[in-house]
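Novice: This is the structure I want to talk about, given as structure tokens.
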Amino acid sequence: MKKHLSSREFDIMCILWNSDKALTASEVLEQDSSFKTVTVQTCMKKLLENGYVKVSEIIQVGKSFARTYLPLISAEEYLSSRFASQVSGAQRKISFSKGMIAALLNGEDTDEKVIDELEEFLKEQKDLLKNNKKEND
């Protein structure tokens, strides 16, 4: 697994994950005014070194040039790997998963659509397990 993200690195990754295009460091700054320029630049360097982002292209911005960044790992992949590294053993995973889902569903904006999407996701995962089991038998 890749190195764990700091809270600021995670914040930057969230901005990149939610963008439909590659972003420059300046565009990341525009998304979150609490960042300082040096923080974004330092985090981008670390994210690049640790394989979380790649330079998509170098573009001209005014009279200078800037790198644009794209994530190399999805939010789901990152969160899944963090979860897996924190929880081991089937019973512990079940207990932790139930607690996590309960926390998600206790939000004020939870509606039937969220539960339907979770059920659909779980069904897909169950089908994948069944197919993998059949292939291995």
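Since every read-out is calculated from the coordinates, none of them should be taken as a lab result. Every value quoted in this text rests on a predicted model; they were computed, and no experiment measured them. Reconstructed Cβ throughout: ideal geometry from the backbone, glycine too, with neighbour counts over all protein chains shown.
Novice: Starting from residues that are among the hydroxyl-bearing types (S, T, Y) and not in a helix (DSSP H, G or I), keep the ones in the range 1-20 and report whichever is farthest from I59 (Cα to Cα).
Specialist: By that ranking, first place goes to S6.
Novice: Output the residues belonging to the range 40-54 that are surrounded by fewer than 18 Cβ atoms within 10 Å (Cβ to Cβ) and among the β-branched types (V, I, T).
Specialist: Once the filter is applied, which keeps residues that are surrounded by fewer than 18 Cβ atoms within 10 Å (Cβ to Cβ) and among the β-branched types (V, I, T), the range 40-54 yields only T42.
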